Every structure is written in structure tokens, then in C-alpha cells.
1. Is region 350-495 rounded, prolate or oblate when judged by the Cα gyration tensor, a ≥ b ≥ c being the square roots of its eigenvalues, rounded requiring a/c under 1.5 and prolate requiring a/b larger than b/c?
2. At a threshold of 8 angstrom on Cα-Cα distance, excluding pairs fewer than six apart, so keeping six or more, what relative contact order does region 345-444 reach in percent?
3. Just to confirm the filter: which trypsin sites (Lys or Arg not before Pro) across region 399-506 are DSSP coil and have at most 14 other Cβ within 10 angstrom of their Cβ?
4. Could you work out how far helix 158-167 tilts from the main Cα principal axis of the chain, as a 0 to 90 degree angle to the nearest 10?
5. What's the ranking of 33-39, 487-493, 625-631, 258-264 by average number of surrounding C-beta atoms within 10 Å, highest first?
6. Which whole-number percent is the relative contact order of region 406-461 (Cα, under 8 Å, 6+ apart)?
7. Got the relative contact order for region 239-309 handy, in percent, Cα pairs under 8 Å and 6 or more residues apart?
8. Rg and Dmax of region 19-135 over Cα atoms: what are they, in angstrom?
Amino acid sequence: MNALQVAADAADGTAAAAAAASTATFSRTGVASLLRRRFFYSPAFDIYGGVSGLYDYGPPACAVKNNVVALWRQHFVLEEGMLELEGTCLTPEPVLRTSGHVEKFTDLLVEDAETGAPYRADHLLEEHLVATVEAGKLTPERAEEAAALRARLDELDEAEMAAALKAWAVKAPETGNDLATPYAFNLMFKTQIGPKAGVVGYLRPETAQGIFVNFKRLLDYNGGRMPFAAAQIGLSFRNEISPRAGVLRVREFLQAEIEHFVHPRHKGHPKFASVAHRVVNLFPRAQQLTTRVAVPMAVGDAVAAGTIANETLGYFIARTDMFAEKMGLTLEHVRFRQHLEHEMAHYASDCWDLEVNTSYRWIECAGIADRACFDLTSHSTAAKVELTVREVFDTPQTDELWVAVPNKGALGKSFKKDAQKIMAALAAADQDTLGAYAATSGAGEPVVVAVDGGLASGEATATVEPSMLSFKRVTQTVHGRNYYPSVIEPSFGIGRLLYCLWEHAYFVRPPSGDAGAAAAAAAANAPPAAVLRLPAEVAPVKVILLPLMRQSVFNGRLGEAADALRAAGLSIRVDDSGQSIGRRYARADEVGTPFGVTVDHQTVADGSITVRDRDTTAQVRCPSIAAAVEVVRRCCAGLGSWADVTAEYPVVAATAEGEEEGQA
């Protein structure tokens, strides 16, 4: 049972719990200071002044990122039996034109009317609304209007955004100047593939298209079996208008995406029962437009009520919630927000965003969408390659089908050589298209036929009069049919998840938390120590290995312990600097190292060795280095907890720092 289950059981506390989550405070300055000071990340090319929206990850962040990706791969790809592929970052223009990115992958840009400084319009408006409400000078009615507008910012078109900016008197933040009229700005990086008159291309804005264009090969690799899922982890690129908020909004980022292909009329999931009881924090459309408070709800109940569209979508929402918990996010600060009706793409049937509460408020970190069959249908039409699945019936079925009956003489007389193209287009049309044509013809109206390759005149369609074309229904026994699969797409932004994890994991420990650390802090008059409470599975380094002090007597056992830990596949750092043991513990705690293994005089004498837990600062003494390695290995693999360790080995008192120094 997770914490949200408890909240769900307490009906009277649901709204209060959700409200508390939405107003929780996080130490942005403390986290930023730690991350930069310990080189988790830094602005890219900063010795040349840097470029906004580009960051380099240092050793700790690289390790955490790799561990989170490994956890994601284990949780989704391996446990779900998915197929993984790796596509190219460079994408030819026709692919992205078909997907809609060339025309529609835009944000609204607004400029300072005098200086030309660019801003993302929805962010500028949201920041202004928040500041205005927090100033407390609005009437309750006006404050409610501001909250309602914030809830539908993603729905505003250019005209509505211009009207809202004017109505709320939004100005350029740096200068106070008026703003120009907002307009759509395409976020893709355009380039040329090849020299001179090369192919126009783009750096991919998402990894998904590489999966769609390989659908036929993936289906063949899977033996033609449905449903199945494919995953891809890789870099994507978006030319953000005005990237701010540090590593939360960048121009180059790591995505992990899944495309789960399923029959469009059968979206159940065979493992849904295993997650139906999972309680997650849902923020459906109705709550966004009324109470604006998320509600804990069992996924099974949400699917049964129609809040979540289908089992497969609900399954991945539950699995995503489980992954968020595994990687170390606090579930009280995690919710799934449903897209508003006009916020979704026209072809989508339901979409939910994984949002995480931070000092930047709620941050979208993943999207889980039912994209229907738009992607495969579009690429199939544009590339003239059938991206369908053959469904074979257990018993033959009798179907009534539409058939086009062209008047060849009339068509030939009117369209000449184009008549053959028109008849080919009618023969290739699917049943939905033929049905629409039949309805138009039956009403006595001309039928507009889309002609592959266009007419000799250059037009893409032919207008065919009812006298040239008729339609009839025929009965046919069929043993199977081809269909375009629907796609359920969970898409994760790894960088955003990492930052949210760092904020959730950060806390400040008072000096009294650890005898060694307390003595060190008191001696140096140091502030309380910062700690990253990262799960052992994703921590950058699993063990800090320390000699009690810098003496050659410890070297033999230190080397033996280092070799044993590394042989067990554990990442370690050896800190044999001359600083106090407490200060070295604190330094390891800052970067999230979950365990400290210390070689002391007793280790030299009898081989026993201490293991320290980062979160409690408690220590146990294991009878041997091998036993200590096994303790750490099991905890880092998620096979045991610190409570299990203290149940097996007694907790020992930490040696006072002054006594340790006195032994030198």
C-alpha cells in the first residue's frame, strides 16, 4: 500500500492532502548550490560565455542519469518484453512533414515591441498571472478568472493569446515595454543533409518517428504477433524560445519513449489486473476546471468510470507511477494531469501528463497518450508502404463492403489520361473513404477524389460528377482483414525527472545527526550539512570507502575492501584525504552516496569492518569484508533494506572525532 492509498482511505483529507502537495516548498537555492558546487552540471561552453538552454553533466549527474536510464530499461523494456531500437538524430523533412511537425510543432513567441527580446507567450502570461494573484490585490472574482485562464493556457491560439496579454496588461519583464503580437514559432533545428543541394532535414524533436517508420520490420521481428511495444532512448532537440528554469527547459535532452501497438478495437491489457488496485493522484479535466485539486483514485476504478479511456492507457499510468516511486520521487508530489479537450491533438483519444511538484511548481516530466492510428496511417499514405497488421479470423466472417463502379466512358471523356489514375485511387480507397464518397454521391453531390501523384493539371484531387460514378454494397466472405494499429505512447523526459529527483531527495541535516559530522561541523563553525537522499539503485556512487585516518597501517585492508566491492559490481570512491572522518562522510552524503565502509584499527586486527547508512547515520559492524560487501550489494540491488541489516548486525556507536584524531 502506498501513501496515496492511505490518502484515498481518508475521504475527508483528500482535498487537504492534495492542496498541501501543491503548496509544498522545496529549497531551490540549496539544490542549485549543491548541484553546481559538486559539478552535477554546469552551463555548456561557459568559458566562452555559455549558450542558454545548453548544459554539460558532470560525473555525479552522468552516473545518476545512467542509473535512472538502466532502471527505466529494467522496469519497462525488460519486464514488459519490449523491443528496443536506436534511430538516427538527423531526420529528412518528408518524415516530419508527414508527422505534422513541420507545420504544427510550434510555440507562441512574443517580442518586446522596442528591443525585440523574445519570450514564450504562455510562460510570460502564466508568470504574470501567478505574480498578480500572489500580490493579493485582486477581487475574488478576478482571482478566479486568473486561475481559470491558467488552467487553459495550452489551448489559446494566437488571437486568444494576444487578447489575454492585453487584457492582463502583460509587459516585457526586463524593460516594462509593450509586447508585439504573438506568432507561432517552429521549434525544430533545420539543417541540410549532404553538400550543396542536399536533402533538407531536422534534428529530431522526438524519438518516436524512428519507431513508426520501422514498424513493418519490428512487426516481422516479433513474428507478426500483436500487441507489442517498441522503445527508444536517445537525444532529441528543440529550439526553445527563451529557455529558463535551468536544466528543466533545454535545447538538447534525453528522451525515453515507448510505442505500444494495439488493436484499435481491443485496448485491454493482459496484465491490467496486476495494477488495477494501484492508487495514483489523478487530475482529470473536471477537477482542473472546477476544484483544481487532484484526487487519489485506483486505476481500475478510473478505467471503469471512463476517466481513463482504456486498460492499456491505465496500465501504463500505473506502471509510470511505480517507476516514479522506484527512482525516488515522493508520490505525494506526483500527479497525472489529463489534457483538456482542445489541448489534445485532433487524432488523440486521451492523454495524461506525469507532473511533479517542485520549487518551479508542477513540472511535466512524461506524457502518456492514446494516439489512435494517426502515425502509421499518415506514414503509410505518404511513403506508399502498407504499415498494417493482418488479422486472421478464427472462423470466416461475412462482410458488406462498399465498391466503386466508375462509368469508364464518361470518366475517359471528361478526364482523358487522368481517368486511369482516378479509377486506381477509387480501387485503393479504404472502406471509410468509400462510404463517405457513397454518401456524397447519394446526395447528388460531386465526389472529390484524392488522386495519388496528382492530375496532369497539377491538382491533387479530381471532382467527379454523380453521373460518372456510382457505389454499391456487396456481400463477401472474408477470412481476415488488414488494420492500422492504435498506439499508446508513454514518453519520458529524463533530464526533467533527474532535476525533480534532486529537489525531492535534498534535505539539510543538523550537525547533531552524526557524532563525527557534529564534531567536524562544530569545530569549523560550519552550517548544517546538505544531503541527497537518493535511492541506492540510482545513486552515483554506492560506497565511500574510508580509512579511519591517513595511516599506512590501513592500506592493506583498504585495498582488499576496494577490490571486493568493485568485484561485486559496486561503484565506489576511496577518500583517504587527511580530512576528518566526519567531514568525509558529509562530503559523500552531499552527492547521495548511500553507504560508507570504514577501515579502522579493529579491521586491521580481526577483519571486521563498519558499514554506515547515509540516511540514519547509523553504523553496523560486519564480521568480515565479504559480509559487508554482501550487505551493500543486497541493499543496492533492492533485495534488502537497512532495517534488515540492523536486524542481522548490531548497531555500533560512532567513535567521537576527537578520539579518532587522538589515536593518530
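1. prolate
2. Reported relative contact order: 16 percent.
3. Answer in residue order: K416, K417.
4. 50 degrees
5. Sorting 33-39, 487-493, 625-631, 258-264 by mean packing, highest first, produces 487-493, 258-264, 625-631, 33-39.
6. 29 percent
7. 22 percent
8. So, for region 19-135, Rg and Dmax equal 20.3, 56 Å respectively.
Rule-based calculations on the coordinates, nothing more; no lab input. Not measured: the values here are computed from a predicted model. Positions of Cβ are generated from backbone atoms using ideal geometry, with glycine treated the same way; all protein chains shown enter the neighbour counts.
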